[in-house]
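Everything below concerns the one structure shown next.
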Amino acid sequence: MQIKCMNQEIYNKFIDYIFINCDKMCFKYYTSAYPIREQIILKNINKIIELKNFSSIESIEEISEKFKNNFNIFDKTYLNNEKKIKKESSFLLRKLYFFHLFDNYEPNLKKNFATNKILNLAKKKNSNFNFSNSKEEILKLFEEFKDCSKIFNKKYKNIYEKNLTFSKKEKELQRKEMIQSCLYRYLYDNHTKLIINQNKNSLFYLKKENGNANYNIISYYFNLNEKIIDCLKKKQIIPNWQYPETFEDIAFFKKNGLCWMWSTSHEEMYEICFQENDRNEYEYLKSIGVEFVEPEFVATPKNYLHYLKDYIND
């Protein structure tokens, strides 16, 4: 059942209830896919202001506006790294485009220039090749053709990889947003690492998960303790369980292993998984002020219930 937002007094009672009835929790740490870019910018900012004294989001807007045209921050090292990122992004686009052609291939339709060239080149390499090959085989084929100028030619580049021209204002905005992003990341990394280091003895499992082009994910599983509870209480309300000032995607597990609550705060999703025999628990939570989106008690279907073992035994 979906929880509505609550005031701080109700929130503190809710957190106390979690501590009594749940014994484990996890959160997800979203690591940057471009750490070098952020390291360069933060290193250069740190030459101007003391980052170690920087601990809140309140001054980020002011700092990013002030430094958006400071080319000691966006220096030669930064620009060289951006060229490398651009090349990697171009490579990723080619890969996605390549797979898109295969996923959407219909033999009876005339396809565009790239599809036909891939097909002809592939058949020259292997006369038995067809578009029903496995993705593993298609990936091998891509590795072979990823720099093929006959496929990824001038026409392709003009359509898919053409450099966009930006106005002076747009470039300034990009630099400002880059500084904001790096400072947010600095806060987030520090807050998250602090929680991890303070609770090392309670950590019992971590798992690396697939992310996307912008981040990778590590899930941390802890035995619930007073330090974590105190940290959560400082957040005052559930919507504060999010980037950049705390860890994200928090879940709590009951002593029987049931994932009792999960959250995705940046999407305003907070859900408790009740079973059929949990009506008294539902009534108690309502009595302390917790409100639900659903007007009446709804048990989570059994096939939607998850347990700790489902996550840590992959």
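Filter the stretch 48-74 for residues that are surrounded by 14 or more Cβ atoms within 10 Å (Cβ to Cβ) and of a type in the set (D, E, K, R); which is farthest from residue 182 (Cα to Cα)?
66
Which residues, taken from the stretch 35-47, are surrounded by 14 or more Cβ atoms within 10 Å (Cβ to Cβ), touching a helix residue (DSSP H, G or I) at 6+ places or on another chain (Cβ under 6 Å) and of a type outside the set (Asp, Glu)?
37, 40, 41, 42
Of all residues in the stretch 176-209 being under 21 Å from residue 221 (Cα atoms) and of a type in the set (Phe, Trp, Tyr), which is farthest from the chain's Cα centre (by Cα)? Steps first, please.
Residues of the stretch 176-209 under 21 Å from residue 221 (Cα atoms): 188-209.
From the residues that got through so far, the ones that are of a type in the set (Phe, Trp, Tyr) too are 188, 204-205.
Numbers: 188: 12, 204: 22, 205: 20 Å.
Step by step, filter the stretch 176-209, then rank; the result is 204.
For the stretch 118-135, does any single residue satisfy the condition of being surrounded by 13 or more Cβ atoms within 10 Å (Cβ to Cβ), out of contact with any strand residue (DSSP E or B) (no Cβ under 8 Å at 6 or more places or on another chain), β-branched (Val, Ile, Thr) and modelled with pLDDT of 70 or more?
Taking the stretch 118-135 and keeping what is surrounded by 13 or more Cβ atoms within 10 Å (Cβ to Cβ), we get 118-119, 121-122, 129, 131, 133.
Still in the list and also out of contact with any strand residue (DSSP E or B) (no Cβ under 8 Å at 6 or more places or on another chain): 118-119, 121-122, 129, 131, 133.
Of the ones still in play, those that are also β-branched (Val, Ile, Thr) are 118.
If we keep only those that are modelled with pLDDT of 70 or more too, we end up with none.
The answer is no, given that none of the residues of the stretch 118-135 is surrounded by 13 or more Cβ atoms within 10 Å (Cβ to Cβ), out of contact with any strand residue (DSSP E or B) (no Cβ under 8 Å at 6 or more places or on another chain), β-branched (Val, Ile, Thr) and modelled with pLDDT of 70 or more.
When the stretch 196-214 is examined, which residues are found to be at pLDDT below 90 and part of a helix (DSSP H, G or I)?
none
For the stretch 1-27, which positions are of a type in the set (D, E, K, R) and surrounded by fewer than 19 Cβ atoms within 10 Å (Cβ to Cβ)? Even if it seems obvious, please write down each step before you answer.
Our first condition is that a residue be of a type in the set (D, E, K, R); within the stretch 1-27, this holds for 4, 9, 13, 16, 23-24.
Once the filter is applied, which keeps residues that are of a type in the set (D, E, K, R) and surrounded by fewer than 19 Cβ atoms within 10 Å (Cβ to Cβ), the stretch 1-27 yields 4, 9, 13, 16, 23.
In the stretch 215-314, which strands (runs of 3 or more DSSP E) lie fully inside it and hold 2 or more residues that are without any contact (Cβ under 8 Å) to a residue 60 or more places away in the chain and surrounded by fewer than 19 Cβ atoms within 10 Å (Cβ to Cβ)? Even if it seems obvious, please write down each step before you answer.
Details: elements: 215-223, 248-254, 259-264, 269-272.
By residue number, 259-264.
Collect the residues in the stretch 182-226 that are farther than 25 Å from residue 51 by Cβ and touching a helix residue (DSSP H, G or I) at 6+ places or on another chain (Cβ under 6 Å), keeping them in residue-number order.
The answer is 205, 222, 223, 225.
For residue 169, only one of the following conditions fails: (1) farther than 30 Å from residue 44 by Cβ; (2) among the charged types (D, E, K, R); (3) assigned by TED's automatic domain parsing to the domain that holds residue 57. What is its number?
Single failed check for residue 169: (1).
The values are calculated or read from the model by the stated rules, or taken from the named source; none is laboratory data. Quick caveat, the model's predicted, so the values are computed rather than measured. Reconstructed Cβ throughout: ideal geometry from the backbone, glycine too, with neighbour counts over all protein chains shown.
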